[in-house]
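Reading through the structure tokens given below for one structure.
Every read-out reported here was derived from the displayed coordinates using simple, explicitly stated rules and does not represent laboratory data. What you see is a predicted model; the values in this text were computed from it and never measured. Methodologically, a virtual Cβ is constructed for each residue, glycine included, from the backbone with ideal geometry; neighbour enumeration extends over all protein chains shown.
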Amino acid sequence: MAVIDTSTLLAPEPVIRPREASRRERWQRRLPLLPALIYIVIVTQIPFLVTLWYSFQNYFFDVPGGAHWAGLSNYKSVFTSAAFRSALWHSVIMTVTAVIVAMILGVAFALLLDRKFLGRGVVRTLIITPFLVMPAAAALVWAGPMLDPNFGLLNYLLQPFGVHHVAWLSTHALGSVIVVMIWQWTPFMMLIVLAGLQGQPADVLEAAKVDGAGALATFRELTFPFLRPYIELGILLGSIYLVNVFDQVRLMTNGGPGTATTNLPFYLYEQVNNAFDVGGAAAAGVITVILTIIVATFALRLFARVFQFEGASS
Amino acid sequence: MSALPLRSREPGPQRFRDMSVKVGWGIVAWVVGIAFFLPVLWMVLTAFKPESAAETWPPRFTFSPTLAQFRLVFSGWGPYVTHSLIATVGSTILVLLLGVPAAYALSVHPVKHWRDGLFFFISTKMLPIVAVIGPLYVIALKTHLLDSIWLLIILYTAMNLPLAIWLIRSFMLEVPSELLEASELDGAGRIREMTEVILPVISPGLVSTALICVIFAWNELFLALNLTVTNAATMPMFLISSVPQEGLYIAHLSAAATVASVPVILVGWIAQRSLVRGLSMGAIK
């Protein structure tokens with residue numbers, strides 16, 4: 001059944017020889033790793049070094065003469081830029097809200113689907129579908145057929161509740177983008193939590209039932225602690241993807257109205273594509289990376305913990 | 001959740017109540033499922049509408065279905081779908097070619113610092129690619145890779161490789177050690193061990209790894225939008241191109257969105273089980 005794999009990181013080297021590995025043996029072990037390692041270093045690390053270099057350069061695509069040294073001026077303008085701060089803030093709001101709400105809904109849906117009922121497989125399939133829709137397609141379909149003020153389905157469905165032709169993308173832009181993020185990522189959270197629920201040992205639940213524990217108490221005292229590593233894993237992985245959300249912002253609101261939905265990815269995209277400011281984008285990128293490293297250090301620690309977690313039951 | 005106290009010794013009415021609670025929650029689940037699926041259903045429904053029936057108030061649920069929008073989509077998607085297929089399949093093959101040996105070196109006969117290696121790979125997944133997009137553009141320009149399908153293959157491979165290594169490794173750890181020892185006793189070298197013992201055992205795992213890579217590569221927009229124009233424009237960009245500056249387009253857009261999404265939806269429906277394992281990078285079996 002579904003269990004978080006505790007062995008992958010905890011297990012000592014599976015087939016390792018007790019005797020000291022010879023030089024030849026060491027290389028024989030290292031060799032298969034090298035192509036992937038070199039590839040990843042080149043493709044992901046070199047652009048970062050180049051970014052670091054450009055962050056000290058004054059370089060605009062549309063200005064002839066190429067790059068020249070600019071010292072810290074790019075950093076100065078990023079730090080004093082209200083646009084950058086607001087983009088950073090929007091990124092935080094979007095990611096945190098979407099991840100938390102998607103997780104709460106994910107847990108609720110997983111609890112629903114953990115019960116036996118007619119057509120459970122079909123319902124499960126229906127709920128995971130939003131995650132499989134191409135994000136660009138989801139964004140455009142929400143922006144048009146779903147949320148349009150004049151013919152959108154949502155306004156029609158909300159009519160009985162006194163909603164009349166609301167232009168969601170102008171009046172509730174940030175909320176609309178977050179709703180689509182939640183819609184796409186709830187299934188992901190649900191799948192992970194559901195896997196956890198189904199790995200929950202039945203005998204413990206049975207014992208709680210015999211002891212006369214109510215459903216709520218059972219959830220709080222038994223199920224939730226058991227699910228914790230799954231929830232942490234879902235939040236962690238969800239954040240990695242959601243912090244980079246771009247498609248929905250670009251295609252639903254184009255960062256607007258004004259800069260109401262401009263998050264960091266969209267801000268950087270605009271710097272390069274509309275302002276042609278490679279140096280400024282690079283400085284903003286370096287700062288983004290530094291912030292990410294701070295967050296990722298915690299995330300990696302959590303990762304190590306989650307992957308080493310031994311089920312509460314054992 | 002129902003907070004019903006359990007009085008299991010009352011037979012008749014209690015059983016009836018249990019039953020109705022069960023049915024009640026089943027209905028709730030169905031309502032939730034349909035509500036969540038509704039936007040997808042609406043997308044598919046709108047795709048079969050004539051343009052004039054797609055932008056009406058109130059929205060129309062009955063109409064005479066037409067394939068006109070799909071015909072329009074299929075007449076224009078040629079280059080886009082070709083680029084998407086090449087970038088997706090190409091990067092997935094490259095991921096497997098690089099990922100299988102790397103996963104082997106981190107599991108079966110692990111290198112000394114295999115834990116550091118694993119975390120290095122996953123840490124690259126946490127660094128936001130958006131942060132380097134400007135310089136990436138300049139690098140692509142100078143290496144003449146801008147607007148080329150090779151660039152997307154290279155970048156999508158780097159994007160999916162860390163995930164694939166973690167995932168493939170989790171499958172390799174499941175290869176029974178007796179099999180590995182037996183092949184070693186037979187005097188099989190590392191390469192024969194790989195081709196004759198490991199690969200046959202993990203091949204279903206490789207399929208689900210490939211599926212996850214296909215999903216992410218097929219859906220990718222940010223890099224494609226920034227680094228390609230026409231020679232390598234992919235399906236997500238085809239969607240954008242189906243939104244014109246003026247005129248009615250909602251039905252056409254819905255058809256394009258349906259066509260672009262259907263492959264991944266079908267793959268995901270069929271491979272629901274491996275989806276969980278893949279998305280959790282092998283943490284959940």
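For a Förster distance of 60 Å, can you work out the FRET efficiency between the beta-carbons of A:Val41 and B:Met19, rounded to the nearest 0.05?
It comes out at approximately 0.50.
Place +1 on the Cβ of every Lys and Arg and -1 on the Cβ of every Asp and Glu in the range B:40-164, take the dipole about the Cα centre, and give the residue among B:Pro110, B:Val132, B:Leu161 whose Cα lies farthest towards its positive end.
B:Pro110
Binned at 10 Å from 0, what are the whole-percent values of the Cα-Cα distance distribution for the range A:168-299, short to long?
Once binned at 10 Å, the Cα pair distances of the range A:168-299 give 11, 27, 27, 18, 11, 5, 1.
What is the spin-label model distance, in nm, from A:Leu31 to B:Thr82 if the labels are put 7 Å beyond Cα along the C-beta direction?
4.0 nm
So for the range A:160-278, taking the charge dipole from beta-carbon charges (+1 Lys/Arg, -1 Asp/Glu), which of A:Trp185, A:Phe161, A:Val204 sits furthest toward the positive end?
Of the options given, the answer is A:Phe161.
Rounded to a whole number of µm²/s, how large is the Stokes-Einstein D of the range B:90-154 at 4 °C and 1.567 mPa s, given Rh as the Kirkwood radius over C-alpha pairs?
Approximately 92 µm²/s, per Stokes-Einstein.
For the protein assembly as shown, with only Lys/Arg (+1) and Asp/Glu (-1) charged at the beta-carbon, what is the dipole magnitude about the Cα centre, in debye rounded to 20?
About 720 debye.
Placing unit charges on C-beta atoms (Lys and Arg positive, Asp and Glu negative, everything else neutral), compute the dipole magnitude of chain B about its Cα centre in debye, rounded to 20.
800 debye
Taking every pair of distinct Cα atoms and averaging 1/r, then inverting, what Kirkwood hydrodynamic radius in Å comes out for the range B:39-162?
18.7 Å
When each pair of different Cα atoms in chain B is counted once in the 1/r mean, what is the Kirkwood radius in angstroms, to one decimal?
22.8 Å
Subtracting the Cα-Cα distance from 0.36 nm times the residue separation, let me have the gained length for A:Leu49 to A:Ile294 in nm, one decimal.
86.4 nm
Identify, among B:Leu146, B:Leu185, B:Ser170, the residue whose Cα sits farthest towards the positive end of the charge dipole of the range B:70-279, taking +1 on the Cβ of Lys and Arg and -1 on the Cβ of Asp and Glu, with the dipole about the Cα centre.
After comparing all options, I get B:Leu146.
Under Stokes-Einstein, with the Kirkwood radius over Cα pairs standing in for Rh, what whole-number D in µm²/s applies to the range A:109-253 at 4 °C and 1.567 mPa s?
My calculation gives 74 µm²/s for D.
Would you compute, for the Cα atoms of chain A, the largest minus smallest coordinate along each principal axis and list the three values in descending order, in whole Å?
Its Cα atoms span 78, 76, 30 Å along the three principal axes.
About the Cα centre of chain A, what is the dipole size in debye to 20, counting +1 per Lys and Arg Cβ and -1 per Asp and Glu Cβ, all else neutral?
It works out to roughly 700 debye.
So for the range B:184-255, considering every pair of alpha-carbon atoms, how many percent are separated by more than 14 Å?
That tail contains 74 percent of the Cα-Cα pairs.
Given H placed on each backbone N at 1.01 Å, which residues far from A:Asn58 in sequence or on other chains put an amide H within less than 5 Å of it?
A:His68, A:Trp69, A:Ala70
Could you sort out which of A:Lys116/B:Lys285; B:Lys125/B:Lys285; A:Lys76/B:Lys142; A:Lys76/B:Lys125 sit more than 26 Å apart by Cα distance in this structure?
Cα-Cα > 26 Å for A:Lys76/B:Lys142; A:Lys76/B:Lys125; rest within.
What relative contact order, as a whole-number percentage, does chain A give when Cα pairs under 8 Å and 6 or more residues apart are counted?
33 percent
Taking each full run of DSSP H in chain A as one helix, which ones are at least 20 Å long along their axis (Cα atoms) and have mean Kyte-Doolittle hydropathy of at least 1.6?
Helix filter hits for chain A: A:82-114, A:173-198, A:278-308.
Summarise the partner chain shielding of A:45-51 as one whole number: the mean count of Cβ atoms from other chains within 10 Å of each residue's Cβ.
If you average over the peptide's residues, the count of other-chain Cβ atoms is 6.
Need one value for A:57-68: mean number of C-beta atoms belonging to other chains within 10 Å of its residues' C-beta atoms.
1
Which whole-number value in Å³ per residue fits the convex hull of the alpha carbons of the protein assembly as shown?
Spread over its residues, the Cα hull of the protein assembly as shown gives 183 Å³ apiece.
Explain nothing, just the number: relative contact order of the range B:190-285, from Cα pairs under 8 Å at least 6 residues apart, as a whole percent.
26 percent
Give the Debye-formula value of log10 I(q)/I(0) at each listed q (0.10, 0.13, 0.23 Å⁻¹), with one equal scatterer per alpha carbon of the range A:54-173, two decimals each.
-0.62, -0.86, -1.27
Using only helices, what value at 222 nm comes out for the protein assembly as shown when you add -39,500 (n - 2.57) per DSSP H run of length 4 or more and divide by the total residues, to the nearest 500 deg cm²/dmol?
-21000 deg cm²/dmol
Once Rh for the range B:136-245 is found with the Kirkwood sum over Cα pairs, what is the Stokes-Einstein diffusion coefficient at 10 °C and 1.306 mPa s, in µm²/s?
It comes out at roughly 95 µm²/s.
Quick one: if the Förster radius is 41 Å, what FRET efficiency do A:Gln198 and B:Asp186 give, using the C-beta to C-beta distance and rounding to 0.05?
For A:Gln198 and B:Asp186, the calculated efficiency is 0.55.
Send over the Kirkwood Rh of the range A:52-97, from the inverse of the averaged 1/r over different Cα pairs, rounded to one decimal Å.
After inverting the mean inverse Cα-Cα distance, the result is 12.3 Å.
Between B:Leu266 and A:Arg301, what is the label-to-label distance in nm when each label sits 7 Å out along the Cα-to-Cβ direction?
A separation of 4.8 nm, rounded to one decimal place.
Considering every residue in B:110-118, what mean count of other chain Cβ atoms within 10 Å of its Cβ is obtained?
Mean inter-chain Cβ contacts per residue within 10 Å come to 5.
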